[in-house]
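Report on the following structure.
Every number here is computed from the coordinates shown, using simple stated rules; none is lab data. Because the structure is predicted, anything quoted here is derived from the model rather than measured. With ideal geometry, Cβ positions are generated from the backbone for all residues, glycine too; neighbour counts draw on all protein chains shown.
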Amino acid sequence: MSDIAKLERDILAAVKAAKDEASLEAARVAALGKKGSISELLKTLGAMSAEERKAKGPAFNSLRDRVAGAIAARRAELADASLNSRLQSEKIDVTLPARPEPRGTVHPVSQVFDELTAIFADLGFAVAEGPDVEYDDYNFTKLNIPPDHAARQMHDTFYVSRQADGERHVLRTHTSPVQVRTMLKQKPPIRIIAPGRTYRVDSDATHSPMFHQFEGLVVDDATNLGHLKWTLEEFCKAFFEVDKVEMRARPSYFPFTEPSVEWDLRCDRSGGQIKFGTGNDWLELAGSGIVHPRVLAMCGIDPEKYQGYAFGGGIDRLAMLKYGIPDIRSFFESDLRWLRHYGFAALDIPTLDGGLSR
Ligand code: FA5
């Protein structure tokens, strides 16, 4: 065997034996690198006679081309093998769920917030907000409950030390100050719903020192108790997911509405479950009334020109009723088992079309 044939066989054996990119590169450098065996061979052409170069030149060059081709082919084989092994080792099971099961749940109070908002948004109400630490003036005085008015005793108030602005503040005892805030900055027509946190010095199975209320306010040229009743009826049908409800009005007293009315819902509590629209029991739903002209005037709205109605009730109580939760204190104990039992799937946003609580 000629030297050239032996050289070629050795180089091709080294190329074939290369198991990875690094050993293939080493074989390439040994053959075609600056000081590689084939490069050295090609250098010898310079010292040859023209005759000899003519004879050996093509043989050396075709050797170089065959070796370069063999290296390129081996490189492609190694790349394929490496891709195949990645495909094997990195394969994923597409039948697995895309994400781990979500573990958090939506608290029943948040769920009722969302349900309320969805229902009233459908009736054309915007959502309004106010702060938990509220001016005494907005929580009481502008709602026609001046200092020393006996009605202040109806709310067991948490007072807050006087603030830097010199104003007296309280933890709001109801969401009604959002009525004041809205009327002070917006001219009629007004149609808002304000769910939020409220505070009273109160604690037992149906009272919590921190609880949640919703407030509704409508102010327009002509509003009346009929509109108020219709609105609450529509709300109850949607909220309790029933076709029919029956409401009963009781005269009541709130300093900021005149007349004031409390509404009860006909229900049947027999059989350990509550059913609406039938039966001989009544369930307390909300306080309400026609906005007192003095409140309109104190909030910069002309009572000769505009009239309004307002209503408000307890969100925690609605959640207890709808979802059969017996004790309000359990809402705020952060017991994980309780939250898993009564909580709602995080991605099920209540909508009227898609269903409120399903
Ligand atoms: C009010 O707070 C009035 N602002 C409602 C209102 C608004 C009347 C607009 C007229 C016009 P009342 O004090 O009755 O009303 O409270 C309303 C509801 O809040 C109650 O029916 C009850 O469901 C809930 N509530 C009151 N105190 C507590 C408490 N400590 N814990 C849980 N829920 C409470």
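Starting from residues that are part of a helix (DSSP H, G or I), among the hydrophobic types (A, V, I, L, M, F, W, C) and over 18 Å from residue 210 (Cα atoms), keep the ones in region 284-320 and report whichever is nearest to the ligand (Cβ to nearest atom).
First, pick out the residues of region 284-320 that are part of a helix (DSSP H, G or I): 293-298, 315-320.
Now narrow it down to the ones that are among the hydrophobic types (A, V, I, L, M, F, W, C): 295-298, 315, 318-320.
Narrowing the set further to residues that are over 18 Å from residue 210 (Cα atoms) leaves 295-298.
On the way: 295: 10, 296: 13, 297: 17, 298: 15 Å.
That would be 295.
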Q) Among the residues of region 231-246, which ones are farther than 17 Å from residue 262 by Cβ and in a helix (DSSP H, G or I)? A) 234, 237, 238, 239, 240
Q: Would you mind stating whether residue 198 is within 9 Å of the ligand (Cβ to nearest atom), in contact with a Leu (Cβ under 9 Å, 6 or more places away or on another chain) and closer than 21 Å to residue 323 by Cβ?
A: yes
Q. Given the conditions (1) surrounded by 14 or more Cβ atoms within 10 Å (Cβ to Cβ); (2) closer than 30 Å to residue 349 by Cα, and given that residue 78 satisfies all but one, which numbered condition is not satisfied?
A. (2)
Q | Extreme residue, surrounded by the most Cβ atoms within 10 Å (Cβ to Cβ), among residues of region 157-189 that are more than 13 Å from residue 127 (Cβ to Cβ) and in contact (Cβ under 8 Å) with a residue 60 or more places away in the chain | A | 179
Q: Could you identify the single residue in 72, 55, 50, 76 that is under 18 Å from residue 36 (Cβ atoms), more than 46 Å from the chain's Cα centre (by Cα) and small (Gly, Ala, Ser)?
A: 72
**Q.** Residue ID - surrounded by the fewest Cβ atoms within 10 Å (Cβ to Cβ), chosen from residues in region 208-264 that are farther than 28 Å from residue 299 by Cα and within 10 Å of the ligand (Cβ to nearest atom)
**A.** 209
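With the requirement that a residue be part of a loop (DSSP other than H, G, I, E, B), more than 16 Å from the ligand (Cβ to nearest atom) and surrounded by 14 or more Cβ atoms within 10 Å (Cβ to Cβ), what does region 265-277 give you? Working first, answer last.
To start, the set of residues in region 265-277 that are part of a loop (DSSP other than H, G, I, E, B) comprises 269, 273-274, 277.
In the following step, the residues that additionally are more than 16 Å from the ligand (Cβ to nearest atom) were identified as 269, 273, 277.
Matches in region 265-277: 277 only.
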